[in-house]
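Student: Before anything else, here's the structure in question.
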Amino acid sequence: MMQRIEHIGIAVSNIEESIKTWETLLNTSCYKREEVASQKVDTAFFKVGESKIELLGATAPDSVIATYIEKKGQGMHHVAYEVDDIRAEMKRLKDAGFQLLQEEPTSGADNKWVAFLHPKSSNGVLVELCQTKK
Ligand code: ZN
């Protein structure tokens, strides 16, 4: 089941600078920094009520975030939905005709299993499913 918007991912070109910007904007401190080596991405998280903001910076020129910023510039990158059973949701969406970017969930930042849907399946929005690791 889709439970809530867990976080919104924002692609940034200078994560240190952006952390300061978002700390001021949201009036809260970044509570977690984490590198996801497999994705060549550096992340920073902020809590906003029940949801979060995730800043994403590239750690290498061939990072997905570097490629994204090159094509589209900085800005909103994905919307992440918390689910209680990521494999069940992946199957449900696949059966409904959505294109998944992966067949198996992968280990993401902030203690989550994650999977992405191709944006062309969802009106140009990159959708992330995430399930908290038990
Ligand atoms: Zn995310």
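The values are calculated or read from the model by the stated rules, or taken from the named source; none is laboratory data. Being a predicted model, the structure only gives us computed values, none of them experimental. Virtual Cβ from ideal backbone geometry, glycine too; neighbours counted across all protein chains shown. Ligands, DNA and RNA are stripped out before the accessible areas are found, and what is left, the full protein with its side chains, is counted by its heavy atoms. Shrake-Rupley method; radii C 1.70, N 1.55, O 1.52, S 1.80 Å.
Student: What is the residue count in the range 55-67 for residues that are open to solvent by 20 Å² or more (accessible area, probe 1.4 Å) and either over 16 Å from GLU128 (Cβ atoms) or at pLDDT 95 or above (or both)? Working first, answer last.
Tutor: Residues of the range 55-67 that are open to solvent by 20 Å² or more (accessible area, probe 1.4 Å), as a first pass: 58-62, 64, 66-67.
Narrowing the set further to residues that are either over 16 Å from GLU128 (Cβ atoms) or at pLDDT 95 or above (or both) leaves 58-62, 66-67.
Residues flagged as open to solvent by 20 Å² or more (accessible area, probe 1.4 Å) and either over 16 Å from GLU128 (Cβ atoms) or at pLDDT 95 or above (or both) within the range 55-67 amount to 7.
Student: Spot the failing condition for PHE98; the list is (1) under 26 Å from ASP42 (Cβ atoms); (2) open to solvent by 50 Å² or more (accessible area, probe 1.4 Å); (3) in contact (Cβ under 8 Å) with a residue 24 or more places away in the chain; (4) not aliphatic (A, V, I, L, M), and only one is missed.
Tutor: Failing condition for PHE98: (1).
Student: Which residue out of LYS47, LYS71 is assigned to a strand (DSSP E or B) and of a type in the set (Lys, Arg)? Outline the logic, then answer.
Tutor: Working: LYS71 fails: assigned to a strand (DSSP E or B).
Going through LYS47, LYS71 in turn, just one is assigned to a strand (DSSP E or B) and of a type in the set (Lys, Arg): LYS47.
Student: Being over 25 Å from LYS20 (Cβ atoms), in a helix (DSSP H, G or I) and within 14 Å of the ligand (Cβ to nearest atom): is that true of SER38 here?
Tutor: Details: over 25 Å from LYS20 (Cβ atoms): yes; in a helix (DSSP H, G or I): yes; within 14 Å of the ligand (Cβ to nearest atom): yes.
Answer is yes for this residue.
Student: Could you go through the range 86-96 and let me know if any residue there is among the hydrophobic types (A, V, I, L, M, F, W, C) and farther than 18 Å from GLU6 by Cβ.
Tutor: For the range 86-96, residues among the hydrophobic types (A, V, I, L, M, F, W, C) and farther than 18 Å from GLU6 by Cβ: present.
Student: Would you pick out the residues in the range 1-42 that are among the aliphatic types (A, V, I, L, M) and either under 20 Å from VAL114 (Cβ atoms) or in contact with a Cys (Cβ under 6 Å, 6 or more places away or on another chain) (or both)? Talk me through it step by step, then tell me what you get.
Tutor: Let us first name the residues in the range 1-42 that are among the aliphatic types (A, V, I, L, M), namely 1-2, 5, 8, 10-12, 15, 19, 25-26, 36-37, 41.
Of everything in the range 1-42, those that are among the aliphatic types (A, V, I, L, M) and either under 20 Å from VAL114 (Cβ atoms) or in contact with a Cys (Cβ under 6 Å, 6 or more places away or on another chain) (or both) turn out to be MET1, MET2, ILE5, ILE8, ILE10, ALA11, VAL12, ILE15, ILE19, VAL36, ALA37, VAL41.
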